[in-house]
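Taking it in order: structure first as structure tokens, then the write-up.
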């Protein structure tokens, strides 16, 4: 019975044993084949089967193999063939063989050859020798082999099967097959074995997990055949089990890649050497407006021009020989609706076991990128035009203080070109003393600071401004230097300063020379009034009063004009000033006027500012005095407020007086401009002009907001104090 089981295992092989590869060349033969053919084993191994078969028999065998491969059947019917020996004799034999197919690929065949002349004379001892050979073969096969009895208990297993399950042979023998497979699997296999036996069929294949002793599972493929007794009854099962973990892993990996390919937004395709699409994903089909079925089997010329295909083929050839300088191209692809879109394709060679090769391409729609590039080019051109026509000079520099961009009309005036500047640093371009002055400003840019400064270069007075350049995320990516030639302006400024100096000297001299006669006139008029008081009638005394008053007002105007001319030149150096103290001093100066008028003055907390404390005191004094003077019939009510930001302080002085019409609001800041005559309201008409000049010296502004009868709000700005 054991002999019958092993003969079933090897498809009833009795004598010669051989194995052929996919090219029908011998890769293994036993001693019987060597003995029968008269060839040595070395002569047979690697030789084509036609070496020992007649040409007609060899052709018949090859045709039979092709037909069964096409049908997916690996079990072939016995063939009667004539083996030609080395001595030239013909040996009539029966050949039984099976095809070896792995993962759908034909690997060769295994066969058993029986000498029909001596079959009936084979002695039992020879059969036992064959059995020993079969056992040796079974133990050397890497696949697991098992034999079950008619109750599905293990009767025989090889070591490979024991290793696969993790059990020893002793543990397996006599155990039910459900020890190593699920009950449902064992039941299915049992039913299949009986059906095969009833149908006199050869074999069946199933895939199922093997349950290992340690509790793990191993995916396996089991090919089994029924054992049928001489009376045709089912007598057990013989099977071969192969670990397909690697294949399953490859299948899983393939499914993952397929999922990725169908999930990515980029188009992916594969073409063969003839340029025929063999695979496309949904994204590629959608990009072109076709269905995948319309593209598969079509030539790439359906979607690209011929020169693009030739370029892609050239890259493919370079990739195949590891000589590619580029792996991607940009081209225009044609959509199904006749429109075109710009695209970028990246190529790779698809690994293949065959002699041919395929090219895989990943295609991305770059319409938006091209639009951005065009917009960027246009923007760069606009900026380049602006830079080139910038009336001064402008440049960008990196953290090494190396110029990366330069332009502006001033470069030509200085005898410099853009090429001379770009790529050089401030250390290359400027003398050491100038570098020492400007280096801190260049460095401060990368700390987020902006600075303005003046320097001399190439005998010119230059105004310079450094500032950081930030990207969309707010990160500093470069420094910018802007330069203006202020040589003429500085010359004008020097001329104006000289002129102002002369005017100041003239004003001082004129005021001094004018005040002396005025003082004398006033003194003599007052002397006349005292000495001849009794001799003068009422009109005479009134005339003298008018003359004295006019002379005194003239003195006030001259003093005001002198103060106005000296704002820029005779002011104190700027310092940190407490406006609370300045306001308090101004109120002290006006205390008599405040008491007489019953003025009510309230003020918000005032900050510290940078300025000339004496001049700021003059501003408050003039604004408060005007607010009291033009309060109308009611007691003056004055509110002082302050609003501060990072750079300046905004001070407002609001009254509830007679107000100012809109047409007159600009005129009130002009020298000697008065909206009321002297009889209505006293004053010289120079106070607001003096306030404006002082505020402008501090770099600020002053303005008024008012309507007649609604009061007035005078507002001015001064810089806040540095911390």
Original post:
By average Cβ neighbour count within 10 Å, what is the ranking of 636-645, 24-33 from highest down?
Top reply: 24-33, 636-645
Original post:
What is the Cα centroid distance between region 29-61 and region 600-637, reported in whole angstrom?
Top reply: 125 Å
Original post:
Got the relative contact order for region 264-365 handy, in percent, Cα pairs under 8 Å and 6 or more residues apart?
Top reply: 29 percent
**OP:** Work out how far the C-alpha atoms of region 371-497 reach from end to end along every principal axis, then list the three figures in whole Å, largest first.
**Re:** 55, 29, 27
Original post:
Please state the Cα pair-distance histogram of region 575-719 with 10 angstrom bins from zero: what percent is in each bin?
Top reply: 12, 45, 36, 7, 0
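No value in this document is a laboratory result; all are computed from the given coordinates. None of the values given here were measured: they were computed from a predicted structure. Counting neighbours? That spans all protein chains shown, and the Cβs are built from the backbone with ideal geometry, glycine included.
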